[in-house]
Structure formats: structure tokens, C-alpha cells
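Reviewing the structure listed below.
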Amino acid sequence: MRSLGWLRLPLALCMLFLYLPIAVLVVMSFNGGRSAFTMDGLSLRWYTKLAGNGDLLTALGNSLLVATGATLIAVVLGTTLAVGLARYTRSSTLDAYAMAPAIMPDLVLAIGLLAFYSLISMTLGLFSVMLAHAVFGMAFVVAVVRARLVQADPALEEASRDLGAGALTTFRRVTLPTIAPAVIAGALLTFTLSLDEFVIAFFTNGPTTPTLPISIYSMVRFGVTPEINALATVLLLVSFTVVIASARLSRRTEALDE
Amino acid sequence: MKALAFTGRRPLAAAASLVLAAALVACGGSDGDDSASDLDPDADLSKQSIVVSNWADYMPEDVAEKFEEATGASMEVTNHATNEELMAKLTAGSDSGIDVAFVSGQFAQALAEQGLVEPIHADLVPNMDNLAEGVQNLSYDEGNKNSVPYTWGTTGICYRADLVDEAPTSWNDLLEPADEYKGKVTMMATDRWLMLPAQKALGFSANTTDEDEMAQVKDKLVAAKKNLLAYDDTTFYERLISGEAVMVEAWDGWCNYGTAENENIKFVVPDEGSDLWVDTMVVLKTSKNKEAAHAFINYLLEPENGAWAAENILYNVPNQKAMDMLPADLKAQYPPLQVTAEQLLEGESLTDLGEAATMYTQLVTEITSS
Amino acid sequence: MTDLISSTPTGRGAVERSSRWERAALLVPGLGYVSAFMAVPVLLVLSYVFFQRGRFGGVVYEFTWDNFARAFSPTYRAVLVDSLVIAGAATVLALLIGYPVAYAIAMLPDRLRTIALVLVVIPFWTNFLVRTYAWIVLLSNEGLVNRSLERIGVIEDPLTLLYTRGAVVVGLVYAYLPLMILPLYASISKLDPELREAATNLGASRFKAFRTVTWPLTLPGVLTGCIFVFVPSLGNFIVPELLGGGKFVMVGNVVRDQFLKARDWPFGATLALVLIVVLVALFFVQSRVSRRLSTGGPS
């Protein structure tokens, strides 16, 4: 293991910065009062309420579905496009075009997509949200993978082909391992952004399949209660469980390999 | 549409705008179509289903089941976050799939002007008789032709009685606070309510479109900005509870949320007067089950549904039978629920600003960025 | 990429044919998708720039240049400048935090890397609104930050932290930090650690090794990360409202207000167009720099 040395310090400080508000959010989920800001005794009432709130849990399911689908589309299309751009074009304009969805003001994209969907008579629902989220997700994947490919060595791919490997084999055995960290980073970005996206989801969604942010923002008018904090806490708990489990698993497979 | 004057010279641009025009037509933004459809009063509601778009927590949770029991029609609830977003969505898309939408009065007016709502068939909503006297004649929709009121209220100053020496009585107490309260007041950020305190303090209408009057309003609000803790639409009563603010501009119902946590939090309508806002229900033109949509509106006008709203959201409802059902101790705890319909009707009903909306928005930008 | 093909020693015709097929297979689906789901919808909206607002919203198809004159009025120029400063500050701060962190993650053993990355993004799987509310709790007069400072005796009276420009910057950094860290990581993890070691072994100081070897090689990632933070910071309107107390106006607020509050879609589209032109130019520059590095770069 390469030693981190003094880099441990910024890493630790950054984690503190990232998780301090999360700690506040978790503490507030046990609030006895209805405020998301001021503690008024401890209670589990918001967890009880959450357990009985089927709509919110359905919305969470919808959001997870959309984020997963959008990530899959974005990763496949984004990775191929990034490789294509790096290998076959010299045009900065095309690069900028491919990444443009990442910088579109969300309202412009949202209103435009809704008008476009109306034009082609597309039925609005989770699928139309997924397609919409995939387009900005894809731009992020392209940008990250492009940045990684900049220093890639084309000689490696050439060598592989000279040795008789087909295009697909070369992609799988040579290109993909080179860009894997960027693909993972792009996928994480897309999933994260999609899960919490409100404006585009609101405009491109049908009426009966709310995503989680839509449900949450509609509560703002009468004050967001700690029920959302309780939901966030449960989500965090699940995420951490999955991370720890996969860490254990990968350690075991590593041990088996050796 | 005398739009395409540049057609000959710019074929591409012309093509683009033709596509656009087509899009707009497809978008249902057809203006001026306010003809009512023929509805069948004896339609079999059990064959109809509707989608109702509302803010979260604004109706009883079991409303769908109860409505189905009462009428046989089935319904689903969907949520929107703001009037503005719903409005944009209805304008940009051809069919939102929504049958009944909850919007504030001035937005119901704008939707009606754009031909997006079905005129109310009063014969299908007999419970409109439950509405308070006077709510039929409000300027955003005279005669409730296009919308039916659900809740209403006014805007005033919500304050900590234990932290101010004297209870505020004037909008100027908020706009030009005494030295010890500087930095401890908030105002609302949404255009109409951002303007309201200065408009009323200067004796103008809350719907004024006069440029000179609005210039004075702007000056007053720019001067007021330096004494503000924040512009705040959603968390102001929390600032009162924590004591960081002592006076905030607030809707009556929201002030009640503060009172629920701290009984020193009180509400007052300043002497210069205030607004009257109404949240309404509209039937959208694109609805395919308009009979059921009307039945739903009629159902929500049942006194017990109005009473639910008053008890749970702590808003007034323009439904006398519903207000009469409220327990006395609730009214005692939340004085804003004691006001009568006559008192509320003294407030000025908010209407859509038409072309002046752009001026208001520009002034908001100038004030908040000053 | 003709030079690649001509340098290939195998049968030229065969390669050319297969590469043309491959080129299409790689480029067409992605570019087609962007065209259908971004370009067409956005053009539908942006073509409003030449038209006018209807009396109750919507668009009246009468040609006008007025929107552009309004967009460059002093009010909106001031907002643009202020937004650029705030978004710029957030970007610099995010880079200062993000670079060492991305570097540290890239140095971790393979097994821990992905886990560390996921740890960076997990906070962002909770809702943006409640995360921002948590910052209000932290920064308020009675909040954790002030109380801690009081306890350790740094201050006596609470500092005004909430509803300041600083609070907006911190909120934006918090909102978009993963957008900085992930591209940086993708770029840094590509570095050959031996390269840097070699530089140090040759007598270069750590700083010089960083400046001459590490930094230029990771510049594409730096640029990507900076754009990813800068762009949404400009467009964000919730952070200025909740943490800035609505006293600071960003471009995002203005565009939102025109589309939603004024219902002036033509003018909203015009402001958006100005913004988009500025931002696409950024991507263009980033692409130019990256491509120069990859072709004529430090060899």
C-alpha cells in the first residue's frame, strides 16, 4: 500500500465537511416537534409516520428506477461517444456539443423536453423522465471519460489490433480497463444527480408516478417536516450497509485470489 | 398571427418558427377558447376516474377512498410544488393528464384567460351554496365562473409578543423597524407579497400597474432591505421560534404554525390593510372526465372537508358550515381562525397583473440584488 | 482520424472500411441522442428569443429584438457579474478542497478506492432541500458552528454566518463538491506514480514535481471539475434563497423568475441563451486545452 502521508488530513477534513450536515439531518429525524430546524424532545414519531406513508416510499422506488435506468443509458451511450470523439474527431465543437446537456439551464431543458414530448405525442411517465435524465447524465459521462482518454496511448489499441484482435475485443480488453475509473465516476455522478433532480422530472413526468424530489418539494408550501429526514436516514443506513457488505466481499475475493 | 414577416429572406428561421407554431398549437395554448363543453348530469361516475394535482398535505389523506364511496368515481392524487411550476407545465405540454388542479386565484384567472380551464358548471356543484357570502364577487373570477374557492386568508405581521415592546400596527413597523429590531425582521420573497407591505404602506392597490407608484414602492423596499434578516417564504416562523427574528411578514395560516410551537407568537393585520388570497380548484379543459371532476369539487365543498382543512392546515375556509364545525378551543388557540368572512373580505383580492407581471419581476430583481 | 489509419501497416482498405463502420457505431448513437433529447427541445425554447410575451403568458409570434436590449440592461449585467464572482469563489474553494482529496483517494489501494468514492457521493443521495436546511441549522446564531467557537473561546458573541455571501459560497461548494472530486479522481488515478517519483528522484522538489509533472497531466480533469462546479453554481437558485436569505441574486434566479414568475418565456429564453453561449464557450476552451495536451502535449 502506498502511504497517504499528510494527505490523510485533507481527506479527513473533507469527510467531516461532507458528513457534518448529514449528522445534523440524522439528529433532526428524531425530533419530537414538527420542525426541521429546532429540536423539541426525542421521538420516533417521524419513523412511524414514514412507515405508514406508502406514497413517499413509492416515490422513492420510482426515483431509484429512474436513476438506475438513466445511468445505464448514460454510461453505454456516453462511454462509446467519448471513445468515438477521442479516436475519430478533431473537432472541439463536437466535444462541446456532446457535453452541452450538462450546462443547459434545467428549466430550459425541462420546458423544451415537455414541448418536444408533446410534439411527438410521447406518453409522459417514468420512462420519459429516464430518457431526459439520461441526456444530462450522458454529458457528464462523456466529459469525465474524455478527460481520462486525453492521456491514453493510442499505440496500445493499435498493437492490440495488429495482433489480430477485433474491434470489440480491443474495446473490452484494452480500452475499457484504461477508462474504467472514469466510467465508474461518470456512473456515480449520473445516478446521484438523477436521484435528486426536481425540475426536469416535474415537467417530463406523468401525473401518477411522482419521483421523490417531486413529493418532497410539494411539501414546501406547508413546511417540510422531519419525515423527510427520517427517510434520508433510512436511505443512508441502507447505503452504508451495502458499502460495508461490498467492502467485506471484495476483501474476501481478494484473499481468495492470493 | 402576423408573425412571419421575415419568411422570404430567412427560410431556416421561418421553418423553425413554423415548427414552433405547430408545437404551440399542439401545446393546447389555444387562446380565447372559453366555450363550455356539454356535460351529462346523469353520467355514470363509476366509469370515470380523475387525477387531482395539489400541494402535499392539503387534503385529507383518505380523500380518494371517501370520494369513491360517495360518488363511485375513482381518483388519484398528484403533487405540484408551486403555482408557477404547474402553470408552466400546463402551458408547455398538450395534455398533462390532470383533471382538477389547485391553484391560487390569480393563477386560476391567468389559466382561464389562456383558455386552459373548463368553465364551472354550477349545476354540477350544488355545494357552492355552502360558500360564504361575498366570495362569489372577487375580482380574479367574478361569479366563480372558472374556479371554486377552497381556502382563503390574508397576509400580515407575525411577531414575538415577548420580544417586542409594542405590538406592530403598521406595515412601517416592518419596513422601518426601530433600531433594536434592525436585522431581526424578514419579508416574503415571492413577487406579490414582497411588494405588498410597501404598496399598502404607501396607500396603493396591491394590484397596481402604475409605473410611478411602483417606482415609489421600489424605493421604499430598497431602503427596507438593509434592515432585513432575510427574504423568506418558507422558514420564517422557524426564525421567530428561535428568536433570530422578532417580526416577519407572514400568511395568517403560517403564523399559526409558529403559534403552535410558541404561544407568544401572534398575528396582526396592519391598519393600512392587506390582501385577500384564495386557493381555488379548477377543471382543466383537457380533462376527459369532467363530470367526475365537478363531482370532486362538489365533494370537497362538503362542510367536513372544509373543517378538515381548517383544523389541519390552520387556514380559514370560505365555507361557513365548515367554520361553524370548528371546536371552540381551536379558535381560541389560533385567533386568525376567529375572523369573519366580512373581515377577510376587507382585504384586497389579488388579480393577475397581465402585462405588468414583467415589470414586477424586473423590480423584484432590482430590489433583491440592490 | 486519417493519420492513425495511414500509419497502420496492415491492409489500408480493410482498416478504412472497418473503421468507418466503427466510427459510425461509436459516434452516431450518442450524438443522435443528444440531438433528439437536447438540441431539438432546447431550440424549441430558444427560438422564442425573437418573439414576445402574451398578455397572460405564452408566446405571441411577433418578431422583435427587444429581448436582447433588455438582457444587456445594467440590472442584468450587475446580476451576471455578481453571480460570476460567487460561482467563481465556490469553484476555487471546491478545487482547493477537492484536489488533495481526489489525490488521496487515487492513492488508496484498489479495493478502497471505489468505497471512498461512494462515501463521497452518499451524502448526496439525501434530498438537496433537507441538506440545505441542515446548513441553516449549522450556521444560525445558535447553531453548532457558533456554539463550538464560543465554547473554545474564539468568540464571545455569535458571528453572523447565515444569510451572508459566505454562506452562499459554502452552500454551493457543499452542493457540488462531488462534481469536482469525481472528474479529478478519474484524471489523477491515471497518473503513473512512478513518474512523480522519478521526478523527485531526479532532484526535483515535491512542489516542482507537482507543478511540472502532476498538475499539467491532470489539467483536463481540473478543467472538467471546475466547469462542473461553476456551471450549476451559476444556475442554482435554492442556495441563494435559503442560505443567502434571498439577498443575493444569481443568474439562475433571474432565468427562473422570467420563466415562472413573469411567465415571459421569450425574455427568459434570451437570458438563457446568453448564459448558454458563455458556458458552451467554456467547454470549447476546455476541449481545446485538453486536445492540445493530448496531441502536442508535454512529451
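Throughout, read-outs are computed from the coordinates displayed, never taken from laboratory work. Quick caveat, the model's predicted, so the values are computed rather than measured. Here the Cβ positions follow ideal geometry from the backbone for every residue, glycine too, while neighbour counts run over all protein chains shown.
For the residues C:Val34, A:Val183, what sequence is obtained by ranking on other C-beta atoms within 10 Å, fewest first? Please report the intermediate quantities before stating the final value.
Working: C:Val34 24, A:Val183 19.
Going from least to most buried by this count: A:Val183, C:Val34.
Cut-off 15 Å, label point 7 angstrom out along Cα-to-Cβ of B:Leu39: give me the residues of the range B:105-146 whose amide nitrogen falls inside.
Flagged as within label range: B:117-129, B:144-146.
What ranking of B:Cys158, A:Cys14 emerges when the number of other C-beta atoms within 10 Å of each C-beta is taken as an exposure proxy, fewest first?
A:Cys14, B:Cys158
Per residue of C:246-255, what is the mean number of Cβ atoms on other protein chains within 10 angstrom of that residue's Cβ?
Rounded to a whole number, the mean comes out at 5.
Less than 15 Å from a label point 7 Å out along the Cα-to-Cβ axis of B:Asp179: which backbone N atoms in the range C:119-141 qualify, by residue?
The answer is none.
Give me a single rounded figure for A:140-146: the average over its residues of other chain Cβ atoms within 10 Å of their Cβ.
That works out to 6 on average.
Could you list the GluC sites (Glu not before Pro) in the range C:153-254 that lie in coil according to DSSP, counting only those with at most 12 other Cβ atoms within 10 Å of their Cβ?
Those that pass, being in a loop and sparsely packed, are C:Glu156.
Compute the FRET efficiency between C:Arg111 and A:Val76 as 1/(1 + (r/R0)^6), taking r as their Cβ-Cβ distance and R0 = 25 Å, and round to the nearest 0.05.
The computed FRET efficiency comes out at 0.45.
Counting only complete DSSP H runs, which helices of chain C cover 15 Å or more along their long axis at the Cα atoms and score a mean Kyte-Doolittle of -0.5 or above?
Those that pass (Cα extent of 15 Å or more, hydropathy at least -0.5) are C:12-34, C:74-107, C:110-121, C:128-139, C:165-188, C:215-235, C:265-295.
At 0.36 nm per residue, minus the direct Cα-Cα distance, what do A:Met122 and A:Thr58 gain on full extension? Give it in nm, one decimal, please. Intermediate values should be presented prior to the final figure.
Values: separation 64, 0.36 × 64 = 23.04 nm, distance 2.32 nm.
Extra length available between A:Met122 and A:Thr58 comes to 20.7 nm.
For the range B:77-177, which GluC sites (Glu not before Pro) are both in a DSSP coil and crowded by at most 11 other Cβ atoms within 10 Å?
B:Glu133, B:Glu166
Label points 7 Å out from Cα along the Cβ direction at B:Thr209 and C:Val285: separation in nm?
My value for the distance between the label points is 4.4 nm.
Here is the link list: B:Lys182/B:Lys218; B:Lys290/B:Lys331; B:Lys182/B:Lys220. Which ones come out longer than 25 Å on Cα distance?
Numbers: B:Lys182/B:Lys218 19 Å; B:Lys290/B:Lys331 37 Å; B:Lys182/B:Lys220 16 Å.
Beyond 25 Å: B:Lys290/B:Lys331.
So which residue, out of B:Asp179, B:Asp252, B:Asp95, gets the largest mean-square fluctuation from a GNM of chain B using Cα contacts under 10 Å as springs?
B:Asp179
Taking R0 as 30 Å, what FRET efficiency do you get between B:Asp62 and A:Thr68 from their Cβ-Cβ distance, rounded to the nearest 0.05?
Here the calculated transfer efficiency is 0.40.
Give the average, rounded to an integer, of partner chain Cβ atoms located within 10 angstrom of each Cβ in A:234-247. Before the final figure, lay out each step's value.
Working: counts 0, 4, 4, 0, 1, 7, 3, 0, 2, 6, 1, 0, 4, 5.
Whole-number average of other-chain Cβ neighbours for A:234-247 is 3.
Indicate the helices, whole DSSP H runs only, in chain A that combine a mean Kyte-Doolittle hydropathy of 0.0 or more with a Cα extent along their long axis of 18 angstrom or more.
Sorted by number, the helices that extend far enough and score high enough are A:8-28, A:54-88, A:106-119, A:126-149, A:176-195, A:227-257.
Classify chain C: rounded, prolate or oblate, from the alpha-carbon gyration tensor (a ≥ b ≥ c, eigenvalue square roots; a/c under 1.5 rounded; otherwise prolate if a/b is larger than b/c)? The partial results should precede the final answer.
Details: a/c = 2.29, a/b = 1.11, b/c = 2.06.
Oblate.
Taking chain C as a Gaussian network, Cα atoms linked when under 10 Å apart, which of C:Ala94, C:Ala78, C:Ala102 shows the biggest mean-square fluctuation?
C:Ala78
Using only helices, what value at 222 nm comes out for the protein assembly as shown when you add -39,500 (n - 2.57) per DSSP H run of length 4 or more and divide by the total residues, to the nearest 500 deg cm²/dmol?
-18000 deg cm²/dmol
Over chain C, what is the mean sequence separation of C-alpha contacts under 8 Å (at least six apart), divided by residue count, expressed as relative contact order in percent? Walk me through the numbers on the way to the answer.
Values: 295 pairs, mean separation 77.9, N = 299.
Relative contact order for chain C comes out at 26 percent.
Longest exposed-loop-site-free stretch of chain B, with trypsin sites (Lys or Arg not before Pro), DSSP loop and at most 15 other Cβ within 10 Å?
In short, B:10-144.
If I model a spin label at C:Glu142 and A:Arg252 as a point 7 Å from the Cα along the Cα→Cβ vector, what separation in nanometres do I get?
4.9 nm
Counting Lys and Arg as +1 and Asp and Glu as -1, what is the net charge of the other residues whose Cβ lies under 10 Å from the Cβ of B:Val77?
Numbers: positive: none; negative: A:Asp55, B:Glu61, B:Glu76.
Counting the neighbours of B:Val77, the net charge comes to -3.
Compute the FRET efficiency between B:Ser170 and C:Ser73 as 1/(1 + (r/R0)^6), taking r as their Cβ-Cβ distance and R0 = 25 Å, and round to the nearest 0.05.
Efficiency at R0 = 25 Å is approximately 0.10.
Can you give the charge dipole size of chain A about its Cα centre, rounded to the nearest 20 debye, using +1 on the beta carbon of Lys and Arg and -1 on the beta carbon of Asp and Glu? Don't jump to the answer; show the numbers that get you there.
On the way: 16 positive and 14 negative charges, 54 e Å.
Its charge dipole is roughly 260 debye.
With the crude spin-label approximation of a point 7 Å out along Cα→Cβ, what separation in nm comes out for A:Ala51 versus B:Glu346?
Going by the 7 Å Cα→Cβ label model, 5.0 nm.
If you average the C-alpha positions of the range B:140-213 and of the range C:34-100 separately, how far apart do those two centres end up, in angstrom?
31 Å
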